[in-house]
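In what follows, a single structure is set out as structure tokens and then discussed.
The values are calculated or read from the model by the stated rules, or taken from the named source; none is laboratory data. Being a predicted model, the structure only gives us computed values, none of them experimental. Cβ sites come from the backbone with ideal geometry, for glycine too, and all protein chains shown count toward neighbours. Areas reflect the complete protein model, heavy atoms only, side chains present, ligands, DNA and RNA absent. Shrake-Rupley method; radii C 1.70, N 1.55, O 1.52, S 1.80 Å.
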Amino acid sequence: MTEPHDPQHRTGRPPAARPVEQGDGLEPGRSATYDPVPAQQEGGGRPGRFWSARRIPAAVLALVVLGGTGLLLYDVAAVRAGRPAMRWRRALADELADRPLDNIWVLAGAVTALAIGLWLLVLAVTPGLRALLPMRRDRPGVRAGLDRTAAALVLRDRAVEVSGVQSVRVRMGRGRAGVRAVSHFRELDDVRADLDTVLGTAVGELGLARPPSLSVRVRRPAKKG
């Protein structure tokens, strides 16, 4: 008696993640982003947000610090070798020696440096990638994220299928989805009830780790002239 062919039983590995297709209710090409992670990270908790690499701020900061440090070290070495200091360093020393601390330019420079430092700290401690919504981790070793624009398009497509809806605008946030619909016939309360039902089902089918709350408003078209 032969056993049925089971690749997972033979290899002991979970099946590979299947790419999201159009039939799944998501738009092709912009549907989801998969990020393989080690299986030991699966703890059953809430999936966290995706962290941005922040290459551009890190590169700009590194170039500025490297250039300023190199220029300062060169000037210090030149002074030690018996050559005069650079004009910019002498001018800066004279300006700092003559100007009081409450001078507008000194305060402006300090505020600017403080703002840049706070901005860099915020970039360092926040995940970033606000446009990518974490999805439920139903498969071991796989993380998925749905683009907010793609999620808004899915909700809009579902909303326009409701009878009486003429046009829809969807604003998708991390915790709230605002839907503004225009209905040219049927009672507004009936259209709103149908939208609540259809969009509530659509939000559940998106597979998000934190499904957003819905805010639905329906109005009549604006009267012309």
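Sorting the segments 164-171, 64-71 by their mean number of nearby beta carbons within 10 angstrom, highest to lowest, gives 164-171, 64-71.
Basic side chains Lys and Arg get +1 at the Cβ, acidic Asp and Glu get -1 at the Cβ, and with that the dipole of the range 41-134 about its Cα centre reaches some 320 debye.
Each residue of the range 140-145 is assigned a 3J(HN,Hα), and the resulting list reads x, x, 10, 10, 10, x Hz, derived from the Karplus form 6.51 cos²θ - 1.76 cosθ + 1.60 (θ = phi - 60°), x at Gly and Pro.
Under 5 Å from the amide H of ARG143 lie the amide H atoms of ASP35, VAL37, each residue being 5 or more positions distant or on a separate chain, with H modelled from the backbone and absent for Pro and chain starts.
Of all DSSP-defined beta bridges confined to the range 75-218, some 65% are antiparallel rather than parallel. Note on the range 125-194: with charges restricted to the Cβ of Lys and Arg (+1) and Asp and Glu (-1), its dipole about the Cα centre is near 540 debye.
When peptides 87-94, 98-105, 134-141, 205-212 are sorted by average Cβ neighbour count within 10 Å, with the highest value leading, the order is 205-212, 134-141, 87-94, 98-105. Rolling a 1.4 Å probe over the protein heavy atoms leaves ILE116 with an accessible area of roughly 90 Å². Residues SER215, SER52, sorted by accessible area with the largest first, give SER52, SER215 [1.4 Å probe; ligands and nucleic acids excluded].
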